[in-house]
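None of the figures in this text is laboratory data; all of them are computed from the coordinates on show. Here the structure is a predicted model, which means the values were calculated and not measured. Every residue, glycine as well, gets a Cβ built from its backbone with ideal geometry; the counts of neighbours run over all protein chains shown.
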Amino acid sequence: MSLESFFRPKSVAVVGASRQKGKVGYEILTNMVSSGYEGKVFPVNRSAETIEGLKCYPDLTSIGETPELVIVIIPARFVLGIIEECAKVGTKAVIVITAGFKEIGEEGRKLEEELVRVARRAGIRVIGPNCLGVIVTASKLNASFGGDLPAVGGTGYLSQSGAMLAAILDTAKANGIGFSSLFSIGNKADVDELDLVKALASDPNTKVIAGYLENITDGNEFVREAERISHKKPILLMKSGGTEAGAQAASSHTGSLAGSEVAYECMFTRAGIIRCDSITQQFDFAQAFANQPLPKGPRVVVLTNAGGAGIMAADAIEREGLTFAKLSKKTVEKLGENLPPAANLHNPVDVLGDALADRYEMALDVLLDDPGVDSVLILLTPQAMTDAKKTAEAIVKTSRAKPDKPILVCFMGASKVQAGIDVFREAKIPQYESPEGAVTTIRTMADYVRWRSRPKRVVRLFPVNRRKVESIIERHLRKGAREIGEAESKEILEAYGFATPKGSIATTADQAANIADQLGYPIVLKIWSPDILHKSDCGGVKVGIKSAQEVRDAFDLMMYRIPKKLPDAHILGVLVQEMCASGREVILGMNRDPHFGPLMMFGMGGVMVEVLKDVAFYLAPLTGDEAKQMLMNTKTYRILQGVRGEEGVDIEAIAEGLQRLSQLVTEFPQIQEMDINPFVVGLPGTTSIAVDARISVEK
Ligand code: ADP
Ligand code: MG
């Protein structure tokens with residue numbers, strides 16, 4: 001159901017309006033009245049005749065017409081009654097400001113569930129409870145106690161914390177930052193973050209969706225919708241707190257490495273959501289996205305009146321991975337004709353300390369025409385001759401005449417540049433406290449542009465043997481077994497197209513030697529027990545065995561030593577396995593997040609994986625590009641490509657392995673965690689081998 005009535009209600013009733021200054025019921029009513037809201041306002045209060053000159057009603061029914069939006073501020077135990085009354089009079093949108101619901105425990109949770117039940121039955125949408133309210137600047141609606149109506153702007157904001165929203169409003173006011181709307185979602189009993197993101201996506205006054213979230217109700221649905229919406233409007237989120245994924249006892253490497261924040265990080269990347277670390281950064285980004293065109297590419301030019309500031313910006317451009325624009329011959333000539341001889345005509349263009357507005361204006365005009373420039377960063381420090389205000393006005397004028405490229409400014413200093421900053425605020429040109437803040441913003445915009453133009457996601461489907469896997473998993477679940485051992489894990493992997501080393505189980509030394517003779521040397525011996533997860537840790541792996549006698553010795557040694565170390569482990573025998581040709585050892589893994597589903601992992605493998613922690617994660621199902629991107633996000637990637645004269649290994653084979661694994665865990669939701677460690681990859685053209693694997697399953 002549409003949330004339109006929260007954006008542009010024709011009439012609003014305030015249930016629990018109060019005449020007492022300082023009470024929320026008073027603050028909200030006066031905010032409603034003083035914001036200039038043009039619809040009708042009905043205060044509802046049993047004991048008052050009028051409040052703030054408005055006629056009061058004892059209840060909703062006695063108003064005699066249907067208020068389109070109802071704001072509820074009365075104690076929690078009476079709220080349900082009001083929802084029922086709303087159902088009776090036909091109101092479809094309610095904001096419950098009142099606290100004392102889910103957040104106070106069991107009793108409150110029940111009350112909240114009941115509230116949602118009654119509202120849903122009547123087709124009523126509820127924002128809150130336990131929230132600060134709603135602000136919509138275009139309709140001058142201030143149904144909140146968060147502060148005054150802010151300036152009009154292109155940012156639509158949603159916050160899971162009312163207190164954060166109050167801070168955001170205050171910061172915005174001090175910096176002259178505008179909003180299309182702000183929503184405090186409180187306990188999000190009915191309307192949740194996704195409903196609002198969708199509503200803001202279709203709100204014509206919102207250009208940028210920003211928010212502060214602590215958790216996401218439906219992770220999968222949120223990713224899907226956010227990915228669609230990010231194509232049209234950037235989504236900038238601050239996120240705190242983790243998921244339960246990290247708290248789960250993890251038996252795989254992947255599980256222990258997938259910290260709680262990893263799932264969110266992956267989700268953001270996938271959905272093109274821009275993550276912000278602080279309110280300041282979120283404003284930095286929002287200002288630019290809301291008020292400037294997007295850059296066509298990463299090439300930045302710096303225009304400055306101070307060499308030092310220019311160098312700081314140049315360093316930041318380099319650090320952020322942007323490109324320092326190379327100016328065309330024509331640009332340099334034109335600048336040369338108009339600037340004093342001491343000026344720097346190349347990037348960073350230095351118009352010198354005595355520059356007045358005209359030099360900035362001319363240089364900006366020329367730079368905007370250069371086809372090798374995607375965005376312009378303008379710096380100014382207040383020197384003896386500087387006129388910040390006139391310079392700002394000249395910049396605004398030029399930017400309006402040539403509006404196709406983003407312009408970000410940083411007038412460094414305080415009182416001496418304030419008049420210039422005010423001009424930028426008025427003209428909605430994003431203004432930054434430091435060159436670094438501006439450069440990070442440009443980088444974020446360039447990243448977003450790149451994300452939007454990325455190729456369509458195509459997930460490759462490999463022909464596999466699903467039935468085989470189904471039967472192995474079912475057999476384990478019927479027995480109540482969570483862990484699938486190495487041998488059957490390998491059968492599963494083979495069914496999904498992985499090569500695994502040949503081998504069989506032996507229970508005596510002679511049997512082991514026989515198997516080894518058949519397989520051929522060198523050979524590997526591994527302890528075989530459902531209770532031993534990490535075989536090397538207890539001396540349960542012996543590689544490079546070259547003769548039958550060595551096999552017998554190794555067998556006897558394991559059978560002697562391991563039961564001493566692990567007296568409770570049930571030892572079934574040893575696995576006699578062919579030894580793989582040497583190659584790089586990597587890990588391919590998966591950990592299922594309760595909110596976002598399977599998280600794929602890639603990293604440097606072998607026994608050191610948890611020490612080095614050089615791993616990358618991504619949400620399944622993976623496309624070929626995403627699999628390769630995962631590889632590139634690790635330091636291991638450089639080693640795989642070949643270092644110091646060594647040949648590189650088969651990168652494509654690893655990417656394919658990740659995609660096959662992604663298909664497996666997507667098709668079998670019973671798989672909770674798994675990893676292939678090591679996955680041994682050789683030179684291109686050789687077969688990569690899943691040497692060791694572990695899978696844990698659940699119903
Ligand atoms: P675990 O991880 O339980 O300790 P693995 O089977 O992964 O046991 O073996 C540990 C290490 O031994 C591997 O990382 C790999 O370096 C080496 N290894 C094990 N099996 C083989 C094999 N068949 N061929 C080559 N090396 C092997
Ligand atoms: Mg292993």
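Among Ala394, Pro67, Leu237, which residue has its Cα furthest toward the positive end of the charge dipole of the chain, with +1 on Lys/Arg Cβ and -1 on Asp/Glu Cβ?
Toward the positive end, the furthest listed residue is Pro67.
With viscosity set to 1.306 mPa s at 10 °C, what whole-number translational diffusion coefficient in µm²/s follows for region 18-98 from Stokes-Einstein and a Kirkwood radius over Cα pairs?
122 µm²/s
Give me Rg/Rg_expected for region 317-471, where Rg uses Cα atoms only and Rg_expected = 2.2 N^0.38 Å with N residues. Could you put the intermediate results ahead of the total?
On the way: Rg = 21.5 Å, N = 155, 2.2 N^0.38 = 15.0 Å.
Rounded to two decimals, the normalised Rg is 1.44.
Compute the Rg/Rh shape ratio of region 264-341: radius of gyration over Kirkwood radius, all on alpha-carbon atoms.
Answer for region 264-341: 1.07.
With only alpha-carbon pairs counted, each pair once and no self-pairs, how large is the Kirkwood hydrodynamic radius of region 135-196 in angstroms?
Hydrodynamic radius (Kirkwood, Cα pairs) of region 135-196 is 11.7 Å.
Add -39500 (n - 2.57) for each DSSP H run of 4 or more in the chain, then divide by its residues: what number comes out at 222 nm, to the nearest 500 deg cm²/dmol?
Numbers: 24 runs with 276 residues, N = 699.
Value at 222 nm, helices only: -12000 deg cm²/dmol.
So what is log10(I(q)/I(0)) for region 409-485 at q = 0.12, 0.16, 0.23 1/Å, when the Debye sum runs over its Cα atoms only?
With no solvent term, the Cα-only Debye profile gives -0.61, -0.79, -1.03.
Just the projected area, averaged over all directions, of the convex hull on the alpha carbon atoms of region 608-689: how many nm²?
5.8 nm²
Report, in listed order, any pair from Lys23/Lys198; Lys173/Lys389; Lys92/Lys188; Lys564/Lys699 with a Cα-Cα distance greater than 23 Å.
The pairs that break the limit, which is 23 Å between Cα atoms, are Lys23/Lys198; Lys564/Lys699.
Which of the lysines could a cross-linker bridge to Lys329, judged by Cα under 25 Å and excluding same-chain residues fewer than eight apart?
Lys296, Lys402, Lys405
Give me Phe411, Phe222 ranked fewest to most by other Cβ atoms within 10 Å of their Cβ, as a rough exposure proxy.
The most exposed by this proxy come first: Phe222, Phe411.
On a C-alpha basis, how far is the centre of region 77-139 from the centre of region 651-673 in Å? Whole number, if you could?
Each part's Cα centre sits 44 Å from the other's.
How about Lys334: which lysines have a C-alpha closer than 17 Å to its C-alpha, ignoring those fewer than 8 places off in the same chain?
Lys326
Sketch the reach of a paramagnetic label on Ala151 as a point 7 Å from Cα along Cα-to-Cβ, and name the residues of region 427-447 whose backbone nitrogen lies under 19 Å away.
427-434, 438
When N is the residue count of region 81-209, what does its C-alpha Rg come to as a fraction of 2.2 N^0.38 Å?
Taking the Cα Rg and dividing by 2.2 N^0.38 Å, one obtains 1.07.
Mind checking the angle between helix 307-319 and the chain's longest principal axis? C-alpha axes, 0 to 90 degrees, to the nearest 10.
40 degrees
What is the extension gain from Arg224 to Glu84, computed as 0.36 nm multiplied by their sequence separation minus the C-alpha to C-alpha distance, in nm to one decimal?
Gain in length upon complete extension: 47.0 nm.
First measure r as the distance between the Cβ atoms of Asp447 and Lys502, then evaluate 1/(1 + (r/R0)^6) with R0 = 45 Å and state the FRET efficiency to the nearest 0.05.
0.45
Calculate how many DSSP beta bridges within region 275-428 are antiparallel, expressed in % of all such bridges and rounded to the nearest 5. Write out the running numbers ahead of the final one.
Numbers: 1 of 14 bridges.
Looking only at bridges with both residues in region 275-428, the antiparallel portion is about 5 percent.
Could you work out how much longer the chain between Ala342 and Phe324 gets when fully extended? Use 0.36 nm per residue separation minus the Cα distance between them, nm to one decimal.
Answer, rounded to one decimal: 4.3 nm.
Can you report the principal axis dimensions of region 1-40 using only the alpha carbons, biggest first, rounded to whole angstrom?
Reported extents, whole Å, longest axis first: 35, 21, 12.
Using only the alpha carbons of region 458-555, what is the convex hull's orientation-averaged projected area in square nanometres?
Numbers: hull surface 33.6 nm².
Approximately 8.4 nm², given one-decimal rounding.
What are the trypsin sites (Lys or Arg not before Pro) within region 1-73 that DSSP puts in a loop, where the Cβ has at most 14 other Cβ atoms within 10 Å?
On the way: sites: Lys10, Arg19, Lys21, Lys23, Lys40, Arg46, Lys55; in loops: Lys10, Arg19, Lys21, Lys23, Arg46.
Of the trypsin sites (Lys or Arg not before Pro), the ones in loops of region 1-73 whose Cβ has at most 14 other Cβ atoms within 10 Å are Lys10, Lys21, Arg46.
Report the FRET efficiency, 1/(1 + (r/R0)^6), for Glu433 and Ala384, where r is their Cβ-Cβ distance and R0 is 22 Å, rounded to 0.05.
0.45
Leu356 versus Lys296, label points 7 Å from Cα toward the beta carbon: distance in nm?
About 3.5 nm, to one decimal.
Using θ = phi - 60° and the Karplus form 6.51 cos²θ - 1.76 cosθ + 1.60, what ³J(HN,Hα) does each residue of region 437-451 get, whole Hz, x for Gly and Pro?
x, 5, 5, 4, 5, 4, 4, 4, 5, 5, 4, 4, 4, 5, 4
What is the Rg over Rh value, at two decimals, for region 503-543, using alpha-carbon atoms and the Kirkwood definition of Rh?
Values: Rg = 10.7 Å, Rh = 10.9 Å.
Across region 503-543, the Cα-based Rg/Rh ratio is 0.98.
Counting other C-beta atoms within 10 Å, which of Thr686, Thr155, Thr98 has the fewest, and how do the rest follow?
Thr686, Thr98, Thr155
Across bins of 20 angstrom width beginning at 0, how are the C-alpha pair distances of the chain distributed, in whole percent?
Percent of Cα pairs in each bin: 16, 35, 31, 16, 2, 0.
Between region 454-474 and region 545-572, what's the alpha-carbon centroid distance in Å?
Centre-to-centre (Cα) distance: 38 Å.
Relative to the present Cα-Cα distance, how much length would full extension add between Val643 and Ala414 at 0.36 nm per residue of separation? Working shown, then result.
Values: separation 229, 0.36 × 229 = 82.44 nm, distance 5.03 nm.
Gain on extension, Val643 to Ala414, equals 77.4 nm.
Taking the highest mean first, how do the peptides 534-547, 164-177, 288-301 order by number of other beta carbon atoms within 10 angstrom per residue?
288-301, 164-177, 534-547
Send over the per residue convex hull volume for region 1-154, Cα only, as a whole number of Å³.
108 Å³
By DSSP, what percent of the beta bridges with both residues in the chain are antiparallel, rounded to the nearest 5?
Taking every DSSP beta bridge within the chain, about 50 percent pair in antiparallel fashion.
Translational diffusion coefficient, Stokes-Einstein: compute it for region 300-342 using the Kirkwood radius over C-alpha pairs as Rh, at 37 °C and 0.692 mPa s, and state it as an integer in µm² s⁻¹.
It comes out at roughly 282 µm²/s.
Can you figure out the FRET efficiency of Arg77 with Asn215, using R₀ = 41 Å and their beta-carbon distance, to the nearest 0.05?
Efficiency at R0 = 41 Å is approximately 0.90.
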